[in-house]
Structures are given as structure tokens and as C-alpha cells.
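Inspection log for the structure reproduced underneath, given as C-alpha cells.
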Amino acid sequence: MESINATHQLEMSRATPLTLREAIANLEERRERIPRGWRQPVEKLLIDLRSVAFTRGSQCIPTGPQDALRIDPFTQTAVKMGPVLDGIFRKARARCSSTCEECGRRGKGRQLGFKRSVLCPACFARHSIPRQARRTRFLVDAAKANERLVILEPEIPALIRHLLPVELWRTFRFQQPKNRPVITMRYVNTAELAEICPRLETLENKCQELVGKH
């Protein structure tokens, strides 16, 4: 799943502001790096930007090493470009946030491990079911070997999380630097999963059957 970065940012970092026409040229150069399913929303973005540039092509866009002109369905950009351009990018983000980045069908934000992607049900299943099977086998093997491994909640696929009894979950708190809020995260210890190994193996077999059908 190719993207500009982990959050699918379209960014331009320069020490001096870009004119609107320079910004469009920069985005056009990066067009092939956009996920395939987002090509149409980004083409619409470029059309809207070109229509503004026709009359306001010399307008500067504030961008630099710490600021980015970007499409990110999950985060509002901090860059303020004026009501017209802000509106164009807001609509582009909205389109991408409901468009599967792989096939272009209707999708929504879904979690795959620590990564968040916009996927339709079919594309999500294609990625998540094999991952469910692999992760289940890893947990079973670790539990049977009595290995004391700490597995964070984002590393555990949703189907497996639903099988884990409440009493197996542990919580830790991580203090971030510079007075940022404390992060609270759940985890499990693989040495405590032995009793539910039969249920996990049943889940693994079901996932393998589904993988074999595709």
C-alpha cells in the first residue's frame, strides 16, 4: 500500500512560501505517489486549485520545514491558507476520508496494527484476515512456550481482542515529554494466554479457511 508517508501526507516543505501555481506543480509531480484509490479525489483537488490559480496565481501559501500543505484524512492541517484554499483542502480531506485508498470504493478509517488507513470492507478483509491468522499463531506459539512477551493492544487484531477475557488485560501509563498528556495503553502477557489457546487456534483455522477461498 504505497503512500507518501504513514499518514498519507501530500506535503511541500520549503524555507520560503510557495506561490499557488508552484504548489500545484509540486502536487502534480507527486501525483504518481498517491494511493491508487485516491487518484480521483486528488484530481478533483487539482482542478479546484487550478481554477483558483487562474485568477490568483501569484498568491503565496505559507509553508516551510514545520508546515505542510497536505491531504491527511485523520488530522486537520495547522496551515492557514485563507478561506478559499482552506475550503478546497477541507473538501479534499473529506473525500479521501470516505474513499478506499486502494480501490476507490466507499471506505472509512480502519486500524491495521499501528497504522490507520481508509479502506472499504473488501480491502480491509484482504489485509486483516491473513494478519489475524499470523498473529493468532504467534500468540499461541508464545503461550505454549510460556514466553512472557508483552503485546500492546494496537498489535492485537480486533477478532483476537474480542476473545481475550477482561482479566487478562493489563494497563500501563507512559509520561510524554514537554508536559504532553499521559498515554494510557492496554497490553497482555503471552504467558497468561495458555487457557484460551484452543479458542485462538479455532480462530486461526477459520482465518486460514477464508484466506484459502480468496
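Rounded to whole numbers, the Karplus 3J(HN,Hα) couplings from phi for the range 109-121 are x, 9, 9, 10, x, 8, 9, 10, 9, 9, 9, 7, x Hz, using 6.51 cos²θ - 1.76 cosθ + 1.60 with θ = phi - 60°, and x at Gly and Pro. The stretch between LYS206 and GLN111 holds 32.1 nm of extra length on full extension. This uses 0.36 nm per residue minus the Cα-Cα distance. Rolling a 1.4 Å probe across all protein chains gives CYS103 an accessible area of roughly 50 Å².
Sparsely packed loop sites in the range 163-214 (the chymotrypsin sites (Phe, Trp or Tyr not before Pro) outside DSSP H, G, I, E and B with at most 16 other Cβ atoms within 10 Å) comprise TRP169. Based on protein heavy atoms only, the range 128-205 ends up with 61 Å² per residue of surface accessible to a 1.4 Å probe. When you filter the trypsin sites (Lys or Arg not before Pro) in the range 124-214 for DSSP loop state and at most 14 other Cβ atoms inside 10 Å of their Cβ, you are left with ARG148, LYS178. Would you mind getting me the FRET efficiency between GLN176 and PHE138? Use the beta-carbon distance for r and R0 = 30 Å, nearest 0.05. Efficiency at R0 = 30 Å is approximately 0.55.
Tell me, what % of the accessible area of the range 107-214 is carbon and sulfur with a 1.4 angstrom probe? In the range 107-214, the share of accessible area belonging to carbon and sulfur is 55 percent. Here LYS108 is the anchor, and the aspartates and glutamates within straight C-alpha reach of less than 14 Å, apart from those fewer than 8 places off in the same chain, are ASP72.
The values are calculated or read from the model by the stated rules, or taken from the named source; none is laboratory data. Treat the numbers as computed from the prediction; the structure is a model and nothing was measured. Here Cβ is always computed from backbone atoms with ideal geometry, including for glycine, and neighbour counts include all displayed protein chains. Side chains included, ligands, DNA and RNA excluded: accessible areas come from the protein's heavy atoms. Shrake-Rupley method; radii C 1.70, N 1.55, O 1.52, S 1.80 Å.
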